[in-house]
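Enquirer: Below is the structure I would like to discuss, written out as structure tokens.
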Amino acid sequence: MKKRALVTGGCGFVGSNLVKTLVKRGWVVDIVDDMSNGHLEFLEEINMRVVPVDLVPIFDKSVERNDNVVVIMQGDFVHLNILEKILTKQYDVVFHQAAMPRVSYSVEHPAITTEHNINKYVQLLTACRGNVSRVVAASSSSIYGGADNLPTSEKEVRNPKSPYALQKCVVEDFSKLFCELYDIDIVCLRYFNVFGQNQIAGSPYATAIAAWCHSIKNNLPLRSDGDGTQSRDLCHVDNVVSANILAAESEIDFEGRAYNVCCGERFTNNEILEFFKQKFPTIEIQNAPWRSGDVMHTLGDWTAAKEDYGYSPQVEFWAGLERTIAWWGLEDDNL
């Protein structure tokens, strides 16, 4: 029997890549997305039907479901019509990718982002308990707050530096508590600096790589913050998708545990910019001040994920960067 999934935020960066892979693997997929960070064009190559969330009951009654069609329900992931589908056991797994992600926005609006990122998550879990076999929830390496110990393992003390990071900590804590109190299994995945196809400049999760590709595409200077020695464990989105699916299909009970999803290597801005200069000799680099709140280095340890559910990064950074450049349509002879 085919597995059935609900992907919240499934039209966004990570969510759209996850959906396409799930479809290829034979899953039956529904998406709920309020389109605040989602784009239908990210899914244009798959068969889909778009339904306003208010009309979902009418759609379900009047349209015979084709398992090969992805249904995109546009609206809030805790809309009563979405919760009703969960409560009636229509999904095996919920992949929770939806969030209000901007760190700076969370600093300016802690109450609004807490409502969205924590309270609504608890509403979602309340519907899921006893009704789905597993929830796979997106967390973030920002919970470490610039860890002193590199590579950073899950044993590192969490030290959030923004409301957004704190909200992800609380998401993890609620996940563990729900597993202890109710009939539900949850796993949280701490994403490290995800990049790749479907990540556009200006996106709340956009890395410097997306911004630089955007600049190259539009003949703009590439911004280099500080002296360029800051380094990141940059994880291609295909690795994140793999981690989600491995976690969803694992036979172990996760009991709310959290795992790093990373590559275990780090590269400086200077190294990446030098690569761009070699590949695109006409580009201009523009120096800029250090960005307030930026950590100097991130480097994750994925040992626990490997041992518990078989994750390992399949796409190394430089290969992922070439894939990303190709997705942007950047050709040397056009520059």
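Enquirer: Remind me, relative contact order of segment 1-159 in percent, using alpha carbon pairs under 8 angstrom and six or more residues apart?
Expert: 23 percent
Enquirer: Kindly report the accessible area of the chain per residue (heavy atoms of protein chains, probe 1.4 Å, no ligands, DNA or RNA), in Å².
Expert: It amounts to 45 Å² per residue over the chain.
Enquirer: If you don't mind, there's one more thing I want to ask. Give a residue-ordered list of calculated ³J(HN,Hα) values for segment 259-265 (Karplus: 6.51 cos²θ - 1.76 cosθ + 1.60, θ = phi - 60°; whole Hz; x for Gly, Pro).
Expert: 9, 5, 10, 7, 10, x, 9
Enquirer: How long are the semi-axes of the equivalent ellipsoid of the chain, defined as square roots of 5 times the Cα gyration tensor eigenvalues? Whole Å, largest first.
Expert: Ellipsoid semi-axes (Å, largest first): 33, 23, 18.
Enquirer: Using a probe of 1.4 angstrom, how much of the accessible area of the chain is carbon and sulfur, in percent?
Expert: Answer for the chain is 50 percent, counting heavy atoms of protein chains only.
Enquirer: Straight-line reach from LYS176: which aspartates and glutamates have Cα under 14 Å away, leaving out those fewer than 8 places along the same chain?
Expert: Result set, ordered by chain and number: ASP185, ASP253, GLU255.
Enquirer: Over the chain, what is the relative contact order in percent, taking alpha-carbon pairs closer than 8 angstrom and at least six residues apart?
Expert: Relative contact order, the chain: 17 percent.
Enquirer: If you take every DSSP beta bridge whose two residues both sit in the chain, what share of them, in percent to the nearest 5, is antiparallel?
Expert: 5 percent
Enquirer: What does the charge count around ASN159 come to, taking other residues whose C-beta lies under 14 Å from its C-beta (Lys +1, Arg +1, Asp -1, Glu -1)?
Expert: +1
Enquirer: When ranked by the protection proxy of mean other Cβ atoms within 10 Å per residue, highest first, what sequence do the peptides 32-42, 150-160 form?
Expert: 32-42, 150-160
Enquirer: Using a 10 Å cut-off on Cβ atoms, rank the peptides 224-237, 134-147 from the highest mean neighbour count down.
Expert: 134-147, 224-237
Enquirer: When the Karplus curve 6.51 cos²θ - 1.76 cosθ + 1.60 is applied with θ = phi - 60°, which whole-Hz ³J(HN,Hα) does each residue of segment 306-323 get, with x for Gly and Pro?
Expert: Whole-Hz 3J(HN,Hα) from phi for segment 306-323: 5, 5, 8, 9, x, 6, 8, x, 8, 10, 6, 4, 5, 5, x, 5, 5, 4.
Enquirer: Grab the DSSP H runs of the chain that are 4 residues or longer, score each as -39,500 (n - 2.57), total them, divide by all residues and round the 222 nm result to the nearest 500 deg cm²/dmol.
Expert: So the calculated ellipticity at 222 nm is -10500 deg cm²/dmol.
Enquirer: Can you list residues from other chains, or at least 5 along the same chain, whose modelled amide H is less than 5 Å from the amide H of ILE285?
Expert: Amide H to amide H, under 5 Å and 5 or more residues apart or across chains, ILE285 pairs with LEU222.
Enquirer: So for each of 122-131, 257-266 I average, over its residues, the number of other beta carbons within 10 Å; can you give me the resulting order with the highest mean first?
Expert: 257-266, 122-131
Enquirer: Kindly give Rg over Rh for segment 162-212, based on alpha-carbon atoms, with the Kirkwood expression for the hydrodynamic radius.
Expert: Reported Rg/Rh (Cα atoms, Kirkwood Rh): 1.14.
Enquirer: Say we join alpha carbon atoms closer than 10 Å with springs in a Gaussian network model of the chain; which of ILE283, ILE200, ILE86 then has the biggest fluctuation?
Expert: Looking only at ILE283, ILE200, ILE86, the biggest GNM fluctuation is shown by ILE283.
Enquirer: If you don't mind, another one. Semi-axes of segment 20-171's equivalent ellipsoid from the Cα gyration tensor, sqrt of 5 times each eigenvalue, largest first, rounded to whole Å?
Expert: Listed largest to smallest, the semi-axes of segment 20-171 are 31, 17, 16 Å.
Enquirer: Now, a different point. What are the ³J(HN,Hα) couplings of segment 233-244, residue after residue, when phi is run through the Karplus curve with 6.51, -1.76, 1.60 and θ = phi - 60°? Round to Hz, x for glycine and proline.
Expert: For segment 233-244, the Karplus curve yields 7, 9, 10, 5, 4, 4, 5, 5, 4, 4, 4, 4 Hz.
Enquirer: While we're looking at this one, here's another question. Just need the relative contact order of segment 95-228 here, percent rounded to a whole number, with Cα pairs under 8 Å and 6+ apart.
Expert: 26 percent
Enquirer: Please determine, in degrees from 0 to 90 and to the nearest 10, the orientation of helix 269-279 with respect to the longest principal axis defined by the Cα atoms of the chain, where the helix direction is its Cα long axis.
Expert: Compared with the principal axis, the helix lies near 80 degrees.
The values are calculated or read from the model by the stated rules, or taken from the named source; none is laboratory data. Note that the structure is predicted; figures quoted are calculated from it, not measured. In this analysis, Cβ positions are derived from the backbone assuming ideal geometry, glycine residues included, and neighbour counts consider all displayed protein chains. These area figures cover heavy atoms from the full protein model, side chains too; ligands, DNA and RNA do not enter into them. Shrake-Rupley method; radii C 1.70, N 1.55, O 1.52, S 1.80 Å.
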